[in-house]
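To start, the structure itself, in structure tokens.
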Amino acid sequence: MSDEDDFAYANDPELIEQFVNWTTEAVEELKTIVSNLAGDEVSTGDAAVRIYDLAHNIKGMGSSFDFPLMTDAGNSLCVYIKNLSGDQPVTQRVVDAHVKVFEVVLTHKIQGSGGEKGDAIRKRLAAIISET
């Protein structure tokens, strides 16, 4: 399989638009989940599972459409949730930071690595997670 085949969907404007629309809806759902919860932390129950599922789907779809920042941010959020201990809640600040990354990438339709700004975004997400 060639490198071009890795991102076959990335060359189809109609499919990219469908990806952007679906992902925008998923990001809106993430925002709703977090805003409907009281306090700064999300319990590790159903809401955390849904956050994980949405992030996981965004991660997978991002790789199919050459949106590696979406993939990396989705992966970051998934790993963060997986690494929580049984009684440790998902921190709203962490989810919000990832949502902001998703929104920026979608708004600007940033395909590819994002260069230096993409690297800075990845480092900032890691720093926010390490602060929790």
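The values are calculated or read from the model by the stated rules, or taken from the named source; none is laboratory data. Note that the structure is predicted; figures quoted are calculated from it, not measured. Please note: Cβ atoms are built from the backbone with ideal geometry, for glycine as well, and neighbour counts cover all protein chains shown.
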Any chance you could count how many residues in the range 42-60 are more than 10 Å from the chain's Cα centre (by Cα) and touching a residue at least 24 places away in the same chain (Cβ under 8 Å)? 5
Residues (within 14 Å of ALA26 (Cβ to Cβ) and in contact with a strand residue (DSSP E or B) (Cβ under 8 Å, 6 or more places away or on another chain)) located in the range 53-108: VAL95
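Take ALA10 and tell me if it is modelled with pLDDT under 90, among the hydrophobic types (A, V, I, L, M, F, W, C) and either within 20 Å of ALA127 (Cβ to Cβ) or in a helix (DSSP H, G or I) (or both). Full working, then the answer.
On the way: modelled with pLDDT under 90: yes; among the hydrophobic types (A, V, I, L, M, F, W, C): yes; either within 20 Å of ALA127 (Cβ to Cβ) or in a helix (DSSP H, G or I) (or both): yes.
So ALA10 passes the test.
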Scope the range 96-114; condition modelled with pLDDT under 90 and in a helix (DSSP H, G or I); matching residues: HIS108
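Can you name every residue in the range 80-95 that is in a helix (DSSP H, G or I), free of Cβ contacts under 8 Å to residues at least 60 places away in the same chain and surrounded by 12 or more Cβ atoms within 10 Å (Cβ to Cβ)? Full working, then the answer.
Going through the range 80-95, the residues in a helix (DSSP H, G or I) turn out to be 80-82, 92-95.
Now narrow it down to the ones that are free of Cβ contacts under 8 Å to residues at least 60 places away in the same chain: 80-82, 92-94.
Selection gives TYR80, ILE81, GLN92, ARG93, VAL94.
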Please specify each residue of the range 112-127 satisfying the condition of being under 14 Å from the mean Cα position of the chain (by Cα) and not basic (Lys, Arg). GLY118, ILE121, LEU125, ALA126
